[in-house]
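The next block holds one structure in the form of structure tokens; read it before the comments.
The values are calculated or read from the model by the stated rules, or taken from the named source; none is laboratory data. Keep in mind the model is a prediction, meaning the values are calculated, not measured. Here the Cβ positions follow ideal geometry from the backbone for every residue, glycine too, while neighbour counts run over all protein chains shown. What goes into the accessible areas is simple: the full protein's heavy atoms, side chains included, and nothing from ligands, DNA or RNA. Shrake-Rupley method; radii C 1.70, N 1.55, O 1.52, S 1.80 Å.
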Amino acid sequence: MRLSVAAGDGWSEGTDALILLIPEKSKDARLEKALALSALAKRGVFEGKRDQVYALRLPRRGAGRGPEVAVLAGLGKADEAAQETVRRACGAAGRKARGEGARSVAVSLEGAIGRSLKAEEAARAAAEGLELGLYRMERFKGAKGREKLAGERVDRAVLCGGKASPAALRRGMKLGRALAEGTAVARDLVNTPSNEKRPPSLAAEVRRIARRAGLRCTILDDRRLRRLKMGALLAVARGSSAPARVFILEYRPGRGAARPIAFVGKGVTFDTGGISIKPSSGLELMTTDMSGAAAVVGAMVAVARLRPRVPVVGVGALVENMLGADATRPGDIVRAMSGATVEIHNTDAEGRLVLADALHYTKTRFRPQCMIDLATLTGACVVALGEKLTGLYGTHDELLARVKRLGEETGDRVWHMPLYPEFGEMMKGKLADLCNISGARYGGANTAAAFLQHFAGGTPWVHLDIAGPAHTSKDEPYRPAGGTGVGVRLLAELARTWTPLPRQKGKAFGT
Ligand code: BES
Ligand code: MN
Ligand code: ZN
């Protein structure tokens, strides 16, 4: 989609649709006259409530100048408008406009800019909302289906900021667009079926994406992984006829030799559970079990566009958890790259095994300032927090605080979860150093995080359990059903706004 900015109210941009962001109880005199807002409100059709959208077809004047349809999008209470409200409003309104046949839209941001939102923030959120809301995966439709989709496409959007500075609007638009593009990359990967993204082909696709984005890309093949002694990761891959891969994406700013920050993603391209096989109902969802790695790729694409001052590395561990003749058995003991031995009591607790080696590798290879891992790690996290929230774990207070704040700002909402030393104790093995499950019935997200903590060691580290929000089965305003790309915008913003972490005293890392 071509995005641009303009001054004014959007009525004369020559677009098919005009999206009007309208706070609740709006008293805008011009809009009152043009759209009879009060009549709509009285009839209970549109009051400007948050997430409300309403399309009005406008009568044609003469040769058909001006928009054919106005889409009203509610912002809720005027002084509570946040970026998330605008993102949701524009996501829903963009889709409404597309449904009304519009190929181009103008968005009047005037109703959003004011007390609680700057022009730049409003433009950013609008760009994100439009791009993310209009996202869809077209690749897997046949010729007829694609033709139909081509006929229903918004390919131009103008963000109109009234009297706001065009430079500020443009800055916001560019940021929002970069974040949305990265998110779309992650969504495409997640929405690709598992038969088309087995680890070697997914790694090849990551390489193509990296080349286009101007990122350095290294792929470690199974021979390299064996030489590196990644025994935990390889134990998961054994049951599959497809070998494991690890990708490493590197962004380096022009100058400076600062240590990088690192993102690490779980990339299980399909999770059958292995010998501890999962029940068949809902199993097709396990195609999304590589959402952590997908988020890393998407975030790196956004980082390459945004060019932050800090170097960034993104590591993804790609394996398929199957139950072939050579699959790992419950009770097997493996040696992780760190040297720690692990009893595998449940082959379905595979994500932590894969991440154990990915984290250790990242820590020793890059000596990063911090590591953030993302993983669809536990069903327990979904039970605890529901499908919309990411579980946040970590030990570095300032890093945790940043991730929490950016979670609110980007809409990739996180909730801080506990990581007590006792949880680490629960992951000790009988014969080996560690066991991959705790044996406790409940609190599985916490013990899984404690297992990872062992491998993060002394590096400031955060773990994001995205098992809930990685995927949505129902359309949300800017998250169409399917992979959501959760984490991309949060990670990219963490990199863009990075400043060195303070040293944290008085808290021990590791178990
Ligand atoms: N990929 C799953 C977690 C998951 C579950 C993601 C539901 C998305 C939706 C993970 O590998 C897994 O199977 N975890 C087990 C761990 C258990 C065996 C300790 C789980 O959560 O049941
Ligand atoms: Mn599993
Ligand atoms: Zn899994």
field: Yes/no for E80 being open to solvent by 20 Å² or more (accessible area, probe 1.4 Å) and either among the hydrophobic types (A, V, I, L, M, F, W, C) or at pLDDT below 95 (or both)
entry: yes
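Can you tell me which residue among A432, A440, A401 is more than 16 Å from ligand 3 (Cβ to nearest atom), surrounded by fewer than 16 Cβ atoms within 10 Å (Cβ to Cβ) and assigned to a loop (DSSP other than H, G, I, E, B)?
A440
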query: Restricting to the stretch 84-112, what's the tally of residues that are out of contact with any Pro (no Cβ under 6 Å at 6 or more places or on another chain) and buried (at least 24 other Cβ atoms within 10 Å of the Cβ)?
result: 15
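When you go through T218, T192, T183 one by one, which is the residue that is polar (S, T, N, Q), at pLDDT 95 or above and crowded, with 24+ Cβ neighbours inside 10 Å?
Values: T218 fails: crowded, with 24+ Cβ neighbours inside 10 Å; T192 fails: crowded, with 24+ Cβ neighbours inside 10 Å.
Every option except T183 fails the conditions.
For the condition free of Cβ contacts under 8 Å to residues at least 24 places away in the same chain and either open to solvent by less than 40 Å² (accessible area, probe 1.4 Å) or within 16 Å of ligand 2 (Cβ to nearest atom) (or both), what is the one hit in G331, G339, G351? Steps first, answer last, please.
Working: G331 fails: either open to solvent by less than 40 Å² (accessible area, probe 1.4 Å) or within 16 Å of ligand 2 (Cβ to nearest atom) (or both); G351 fails: free of Cβ contacts under 8 Å to residues at least 24 places away in the same chain.
None of the other options fit; the residue is G339.
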message: Return the residues of the stretch 361-377 that are away from ligand 1 (no atom under 16 Å from the Cβ) and outside any loop (DSSP other than H, G, I, E, B); say none if nothing qualifies.
response: Y361, T362, K363, T364, R365, F366, C370, M371, I372
- line: Pairing a residue in the stretch 161-172 that is more than 13 Å from I113 (Cα to Cα) with any residue that is open to solvent by 60 Å² or more (accessible area, probe 1.4 Å) and not in a loop (DSSP other than H, G, I, E, B), where Cβ atoms lie under 7 Å and the two sit 6 or more apart in sequence or on different chains, gives R171/E120
query: Within the stretch 27-65, restricting attention to residues that are modelled with pLDDT under 85 and at positive phi, which residue is most open to solvent (accessible area, probe 1.4 Å)?
result: G62
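Report yes if A380 is more than 15 Å from A232 (Cβ to Cβ), within 11 Å of ligand 1 (Cβ to nearest atom) and not hydroxyl-bearing (S, T, Y), otherwise no.
Details: more than 15 Å from A232 (Cβ to Cβ): yes; within 11 Å of ligand 1 (Cβ to nearest atom): yes; not hydroxyl-bearing (S, T, Y): yes.
The answer is yes for A380.
Has the stretch 134-149 got any residue that is part of a helix (DSSP H, G or I) and touching a Leu at 6+ places or on another chain (Cβ under 6 Å)?
No - not one qualifying residue is present in the stretch 134-149.
Condition first: surrounded by fewer than 24 Cβ atoms within 10 Å (Cβ to Cβ) and either modelled with pLDDT under 95 or within 15 Å of ligand 2 (Cβ to nearest atom) (or both). Now tell me which residues in the stretch 254-267 satisfy that.
Keep residues of the stretch 254-267 that are surrounded by fewer than 24 Cβ atoms within 10 Å (Cβ to Cβ), which gives 254-260.
Correct list: G254, R255, G256, A257, A258.
Table: residues versus (1) in contact (Cβ under 8 Å) with a residue 60 or more places away in the chain; (2) within 12 Å of ligand 3 (Cβ to nearest atom); (3) surrounded by fewer than 24 Cβ atoms within 10 Å (Cβ to Cβ).
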site	(1), (2), (3)
T269	yes, yes, no
I275	yes, no, yes
E284	no, no, yes
T287	yes, yes, yes
M290	yes, yes, no
R307	no, no, yes
V312	yes, no, no
G316	yes, no, no
